[in-house]
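The values are calculated or read from the model by the stated rules, or taken from the named source; none is laboratory data. Quick caveat, the model's predicted, so the values are computed rather than measured. Backbone-built Cβ (ideal geometry, glycine too); neighbour counts: all protein chains shown. Heavy atoms of the whole protein, side chains included, go into the accessibility calculation; ligands, DNA and RNA do not. Shrake-Rupley method; radii C 1.70, N 1.55, O 1.52, S 1.80 Å.
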Amino acid sequence: MAITLPGITWPTLDPATSSVAELDGSIESAIFGALIEVGPHSKLVPDEATGWHFSDHGLRFDMTIRHGLKFQDGTPFNAEAVASSMQRDLNPKNACLCLADFGAVTSVSAPSPYDVRLTLKTQDYVLPADFIDDPMNWTVSPTSLKRSQGQVLQDPVGAGPFQVVSNTANNVITLKRYPDYWQKGQPHLNSLKFISTTADASDLSAIEAGSTQLTAVTTVPLWEQAKTMSGLKTYEQQGVNLAFNRINARSAPFNNILAREAVTYATNPAPIDKALYKNVFPLIQGWTSPYMLFYQKSVPNYPAYNLAKAKSLVKQLGGLSFTVIVNDTPIAVEQADALIGQWKEAGITATISEQTIPAQTQDLARNDWQMMSAGWAGCDVDPGDCAPINFSSTGLFTPTHDPALDHLINQAAGSPSSDVRKGFYDQINEYLNSHFYFTWLWAQPTLMVARSNVEGLPSSVGLDGPFNWESVWIKK
């Protein structure tokens, strides 16, 4: 089965060192499987782990590993292997994207052959959700790590349903069925081929011709077109992809809150949503969407579009100009152009810098960017999973250093009650808006197109998420 991945790259398949590990989760989950998976209704379900629990007043997290599993190279899949893989993930020199989400972890150990223990310095009841679509959920064979002698992995060995046959980074990767996968009778497919692309129209033509079987499209008109095409079927996967702009409060001009206010009040997502996406994407007022748990539809003090106020602020500033970094795909550039047109009406001058996702990650780490068009996904189990990396002072993607915001995030994580966490998430929403750290746009479902004989596709995970490929099959 061949799948095209619009805009997705994989400079490496090494979970610990990849700068895009959480964006190529579809590939990673095919190779490694998962300790914990997302089941129906956004509930966490066991996979390579059979269970987990907190103890010691929330400062210890134990995970039980399933008996009898083996990596694709025959190495036993046990607690020692899982713990050593996690320790590598959390080694700061590897710069794993997981570091912010697992910042409370002080040590990882294997006190028994099938028990992995994470010791925490502070309570973090969001921790089980943090594993989803995260390098810590993907265990690398210790034998393959030893063979690589510490080098970055391009052909890693996991215990998932498929194993690597060949890989051309950022281009094409071919996988084959792992015959000893622990779930008997799975995977159903004999092979998977992932192809990175940038053109929706050619992806749709490839599916129509039968040379590929599954893709996601980024433009609503093409998705609507696919609905009318014979031999195809479409899915609007109600996921949790949020579209927004990060505003860097640590760098000029946006270290001045008036500049952040000006660009926020000059942003009007509704007409862009209508023009580009036919109102398919619901507008959002904060960091939760209608498809997520803990959704907050109306956020207090949401800074709605106000052109007069934006003009007044720009005049007070004596002008405003900046560069916005966008993904190097046609739809991302088109969206940015539309926003720049709106900002121009307020007297704001913005220019576009097109970059690949790895290049964007490098910019984020340097903290010298001004604005970045972005999104995130994978927070349907608990939105707190997205908070540390995106909002906290130590997060890779954060636009600010704000101790008060850190305190709210920590209070939420330290609350075992989901109702209490919901209250803190609402406060975080309001706080982010009152400080103008983001301009929120819309929640973006994944628009998928498949050949009509493809079965077993999940209803809530897009192609850049932890896709359960073992359940997919092609009907004869």
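Values computed for the structure shown
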item	result
Any pair with Cβ under 9 angstrom, 6 or more apart, that starts in region 450-469 at a residue that is closer than 18 Å to residue 375 by Cβ and ends at one that is surrounded by fewer than 22 Cβ atoms within 10 Å (Cβ to Cβ) and at pLDDT below 60	none
Yes/no for residue 49 being closer than 19 Å to residue 141 by Cβ, open to solvent by less than 10 Å² (accessible area, probe 1.4 Å), in contact with a Lys or Arg (Cβ under 7 Å, 6 or more places away or on another chain) and at pLDDT 95 or above	yes
Subset of region 313-336 (residues that are open to solvent by less than 70 Å² (accessible area, probe 1.4 Å), in a helix (DSSP H, G or I) and without any contact (Cβ under 8 Å) to a residue 40 or more places away in the chain)	333, 336
Neighbours by Cβ (under 9 Å, 6+ apart or cross-chain): first from region 285-304, more than 18 Å from residue 40 (Cα to Cα) and open to solvent by 70 Å² or more (accessible area, probe 1.4 Å); second hydroxyl-bearing (Ser, Thr, Tyr) and in a loop (DSSP other than H, G, I, E, B)	297/288
Residues of region 337-361 satisfying the condition of being within 20 Å of residue 254 (Cβ to Cβ), in a helix (DSSP H, G or I) and under 20 Å from the mean Cα position of the chain (by Cα)	360, 361
Selection status of residue 349, over 23 Å from residue 259 (Cα atoms) and either surrounded by 17 or more Cβ atoms within 10 Å (Cβ to Cβ) or hydroxyl-bearing (Ser, Thr, Tyr) (or both)	no
Strands (runs of 3 or more DSSP E) fully within region 127-245 counting 3 or more residues that are over 30 Å from residue 289 (Cα atoms)	162-168, 172-177, 191-197
Elements of type strands (runs of 3 or more DSSP E) in region 362-476, at least 1 residues being under 14 Å from residue 244 (Cβ atoms)	371-376, 438-443
Region 165-214, residues that are under 30 Å from residue 225 (Cβ atoms), polar (S, T, N, Q) and in contact (Cβ under 8 Å) with a residue 12 or more places away in the chain	170, 171, 174, 191, 196, 197, 198, 211, 212, 213
Count of region 124-165 residues which are surrounded by fewer than 19 Cβ atoms within 10 Å (Cβ to Cβ) and at pLDDT 95 or above	1
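Condition check ((1) within 17 Å of the chain's Cα centre (by Cα); (2) open to solvent by 40 Å² or more (accessible area, probe 1.4 Å)) across all residues:
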residue: 363; (1), (2): no, no
residue: 369; (1), (2): no, no
residue: 383; (1), (2): yes, no
residue: 434; (1), (2): no, yes
